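Asks: Could you have a look at this structure, given as structure tokens, before my questions?
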Amino acid sequence: MCEKGIRGNGMGKNQIDRGYEPVTVKIYVRRTGQEFSERVMAALRGPQILAVGRESEGLISYPDEAVSVVSPMKNGVVADYDLAAKIFRYYLSKTCGTRRLFFKPSVAVCVPLELTKVERRAYEDVFYQAGARRVLLVKKTMEQALAEIPAKYGVIVGIYPQSQDGR
């Protein structure tokens, strides 16, 4: 997994690999009005997840070379399905609380990119795996789509890629 994100360079410092910039995700829960913003990245030691989001950023300069900080996204598209599902499951449980254990939320995902059918399916599958009951993909920013998304979608997720390569 080191080659998919941020990895050690042999000197006790970790760095971001080219092309795998962490995307920013914003999650809005209609029921509570709670808004959550985080980067989609995780610190790993082998297959074990040590930290997610901001907490993993602190491990970038961690001297242990067995720890790698990775992002499951590439240019706003899911590149590592399993890791993305685990991270989004964590974020949904963090924003929806224990209620999510009994009631799966309907999630609207706002991805302001032109996606292929395969990329759209990957996003849908990731959020179903993360614990969503229904998934709606919208090709707009979260701010643009907030008023247009049906009320049955109680959780709105905005994906904001860092890359500016026209994709």
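Every number here is computed from the coordinates shown, using simple stated rules; none is lab data. The structure presented is a predicted model; accordingly, all values stated were derived computationally and were not measured. Note that we place each Cβ from the backbone using ideal geometry, even for glycine, and neighbour counts take in every protein chain shown.
Asks: Relative to the compact-globule scaling 2.2 N^0.38 Å, provide the ratio for the alpha-carbon radius of gyration of the stretch 14-137.
Replies: Rg over 2.2 N^0.38 Å, computed on Cα atoms: 1.06.
Asks: Follow-up. Measure off 7 Å from each Cα along the Cα-to-Cβ vector at Glu114 and Glu143, then give the distance between these two points in nanometres to one decimal.
Replies: About 2.4 nm separates the two model spin labels.
Asks: Along Cα→Cβ, 7 Å out, is where each label goes; now give me the distance between the ones at Glu57 and Asp82 in nm to one decimal.
Replies: 2.8 nm
Asks: May I pose another question? Over 20 Å between Cα atoms: which of Lys104/Lys152; Lys86/Lys140; Lys74/Lys139; Lys117/Lys152; Lys26/Lys94; Lys117/Lys140 fall into that group?
Replies: Exceeds cut-off: Lys86/Lys140; Lys117/Lys152.
Asks: For the pair Arg121/Ala151, report the inter-label distance in nm, with labels modelled 7 Å from Cα in the Cβ direction.
Replies: About 3.5 nm, to one decimal.
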